[in-house]
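The values are calculated or read from the model by the stated rules, or taken from the named source; none is laboratory data. Everything numeric in this text was worked out from a predicted model, so none of it was measured. As a convention, Cβ positions derive from the backbone with ideal geometry for all residues, glycine included, and neighbour counts pool all protein chains shown.
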Amino acid sequence: MREYELTMVYDLAVAEAGGPDASVQHLTTQVEARGGNVIRVDHWGRRRMAYPIGRAIDGDYIVSRVNLDPAAVESLEAHLKIDEKVYRHLIVRADELPPPPQPREPRRPPGEAAAPATAPVAAAPETAPAPVATAAPETAPAAEAESAPAAAPAEEAPAAPAAEGDAPSA
């Protein structure tokens, strides 16, 4: 026995005639008649189809997991192809399916934010660059001060002697 995922789209007349669980009962009967068993059923209910089939625009969707022999899958698929109550069906081996997605955190209303969790993280980057910015100017003047004495004597070099005709300004 192998595990399969079986997705079916039923005619809404099945649910109207036999009740809301009639399509699930039909699926279970078909699988058990072929020696399999239904592991899980996810009945989505009435949904809009991507395109009309005949004149129908809505269908009854069921996604289920079943255990079946590979030979029984061919028999089930042949029956589903000729059943007029079934609009579409798809049988896929469960080991070929991608893993289910990780559950997400629940949504929060726009006014409610996770401030305690994000506030310390947001405050840390604001304080970290500030010391770096103040530390850089402190080291730069020190470097200028060290090089300034060497440059200062060059600027304070004696001025050229005054020309003889120049009078001192008063």
Note on the stretch 4-13: residues surrounded by fewer than 19 Cβ atoms within 10 Å (Cβ to Cβ) and at pLDDT below 90 are Leu12, Ala13
Filter result for Ala17 (out of contact with any Phe, Trp or Tyr (no Cβ under 7 Å at 6 or more places or on another chain) and assigned to a helix (DSSP H, G or I)): yes
Scanning the stretch 76-94 residue by residue, those β-branched (Val, Ile, Thr) and in contact (Cβ under 8 Å) with a residue 24 or more places away in the chain turn out to be Val86, Ile91, Val92
Filtering the stretch 44-73 for residues that are exposed (fewer than 13 other Cβ atoms within 10 Å of the Cβ), among the charged types (D, E, K, R) and farther than 14 Å from Val14 by Cα leaves a count of 3
